[in-house]
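Read through the structure below, which is laid out as structure tokens, and then see the notes.
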Amino acid sequence: MGRAYVYVILGGGVAAGYAALEFSRRGVGHGELCIISEESSVSLFTPITIYYLVERLGSLACGCMRRVIPTYLASTTLRKSRNTTTENPVVPYERPALSKGFLLPEAPTRLPSFHTCVGANEERLTPKWYNEHGIELVLGTRVKSVDVRRKTLLTSLGETISYKYLIIATGARALKLEEFGVSGPDAENVCYLRNVADATRLVEVMQSCPGGNAVIIGGGYIGMECAASMVINKMNVTMVFPEAHCMARLFTRKIANYYEDYYKSKGVKFIKGTVLSSFEKDSDEKVTSVVLRDGTKLLTDMVVVGIGIRPNTSLIEGQLTLEKGGIKVNGLMQSSNSSVYAVGDVATFPVKLFGETRRLEHVDSARKSAKHAVASLMAPNKTWDFDYLPFFYSRVFTLSWQFYGDNVGEVVHYGDFLGSTFGAYWVKNGYLVGSFLEGGTKEEYEAIAKATRLKPRIEDLAELERQGLGFAVSIGQQLPTVVATVAEVPSFGVIMNKPLHAWHAVAGVVLAASIAGFGYWYGRRRRKW
């Protein structure tokens, strides 16, 4: 038993949805594209599941029913949870919603409202959308193995799926406490947050102890965003992490102090510079207290763990080149095997702005790398190497920040750290390489993005501090042509510090046309030889 497709997307997260939309816009044929996803939601026969079942069975001839019905039921892996709910297949959705709107006590966000690609103000891709566009969904199905040489996938049900081109969008999994030697993480009130099933369980646990105590292990994205949501749910929150301040991978101490003070004003307690050692449980195996390395005990009703993620690369280890924890790809998102592409959290790709390869764990990278991979596949002669400006953001309480570029080199803080708008620049080897802004307008965020991409030379750090946000705004106003040019044509590592004049543009077009003409002539000669 097997099926064959031109394109297969392995993984059903954010990147898969954006890749599917790009495929449809570029005219992929009905039946040419398949998405395979293991991920499921937790509920009791949701409308999505019912729709999927009807569409899957209704589109087949009666003679096929005997084969499809047991296959479908097996693929959905309907397993009873502690709350007698079932796991049901789910199409790609916007993962950031899980730590924000999904956890709210009033009018919480629920599927299908946050299916991809609403996160970028695009179409919302419901199961009906995939059906209408002829995109096959193989949901609730685990892929057991991948054979890159034979271009086949083997599912846990024993079905072989073959492809011409494969896009790996398997993302990453949440690191678990047992990987760090902590016992007892399987308690029913210990929660993680990586998928919609995790989020559903977290909400159920939170609702079971209203106004109770919650301990959050980890001071990164998940920890900070969950803490804010749990405070809104009137939980008493304590955050525990080993670093000297929150968001240590991105924030400076001064920036972190602002957010920590704000959280403290909301009742959040911080215990820094230590880690979880063990749990204490009651007779029902529920965690009642968290024991820290120094012996401190924190009474709790629930625990949320956010200690990082690890890329899902096990299926292709030994078959593709890996680097920095992910699948190494080139500027077209193409791996060491020309028929295999990788996108999102699992991809290590060249970041032109830095002149090195990076693996970036953020939804913006997943969205844009997925679209770029599809463009590379569908229009290879019209697609330049991926020229991505690293971007991170978060929204908690009434706060909202954005960061672009890299947080290396000397830091210049600016703005009112006692107010609502402030930021920072990072300068390395005399050039601006990173920008952060809290409380900005849409235009101001666009300004720091433009300034960071341009990498202007910085000769006076004191003057940069004095100008503050005005520096980025003035750069964006003075050099609009450069920004457009950098975004639309390939970069060759040249740092542009001055505007491009019209004759530069003309000369560039002539040169590009000459190179293209020579390439065409040379290619024809090669074929003749």
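The values are calculated or read from the model by the stated rules, or taken from the named source; none is laboratory data. None of the values given here were measured: they were computed from a predicted structure. Counting neighbours? That spans all protein chains shown, and the Cβs are built from the backbone with ideal geometry, glycine included. Quick note on the areas: whole protein, heavy atoms, side chains included, nothing else; ligands and nucleic acids left out. Shrake-Rupley method; radii C 1.70, N 1.55, O 1.52, S 1.80 Å.
Here are the numbers for this structure:
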quantity: Qualifying residue in segment 83-97 (condition: assigned to a loop (DSSP other than H, G, I, E, B), at pLDDT below 95 and open to solvent by 30 Å² or more (accessible area, probe 1.4 Å)); calculated: yes
quantity: Segment 330-363, residues that are open to solvent by 10 Å² or more (accessible area, probe 1.4 Å) and either free of Cβ contacts under 8 Å to residues at least 24 places away in the same chain or not in a loop (DSSP other than H, G, I, E, B) (or both); calculated: GLN334, SER336, SER338, TYR341, ASP345, PRO350, GLU356, THR357, ARG358, VAL363
quantity: One residue from VAL215, VAL182 being more than 23 Å from ALA16 (Cα to Cα), among the β-branched types (Val, Ile, Thr), within 26 Å of the chain's Cα centre (by Cα) and not assigned by the TED database to the domain that holds SER99; calculated: VAL215
quantity: Of residues in segment 401-423 being free of Cβ contacts under 8 Å to residues at least 40 places away in the same chain and out of contact with any Lys or Arg (no Cβ under 7 Å at 6 or more places or on another chain), the one nearest to LYS328 (Cα to Cα); calculated: TRP401
quantity: Filtered residues of segment 292-310 (kept if on the phi < 0 side of the Ramachandran plot and either open to solvent by 20 Å² or more (accessible area, probe 1.4 Å) or among the polar types (S, T, N, Q) (or both)); calculated: ARG293, ASP294, THR296, LYS297, LEU298, LEU299, THR300, ASP301, ILE307, ILE309, ARG310
quantity: Count of segment 416-437 residues which are closer than 18 Å to ASP406 by Cβ and open to solvent by less than 60 Å² (accessible area, probe 1.4 Å); calculated: 13
quantity: Residues being open to solvent by 20 Å² or more (accessible area, probe 1.4 Å) and under 22 Å from the mean Cα position of the chain (by Cα) - total across segment 218-241; calculated: 3
quantity: Residue within segment 261-276 that is under 25 Å from the mean Cα position of the chain (by Cα), modelled with pLDDT of 95 or more and among the acidic types (Asp, Glu) present; calculated: no
quantity: Any strands (runs of 3 or more DSSP E) falling wholly within segment 229-302 and containing at least 3 residues that are in contact with a Leu (Cβ under 7 Å, 6 or more places away or on another chain); calculated: 287-292
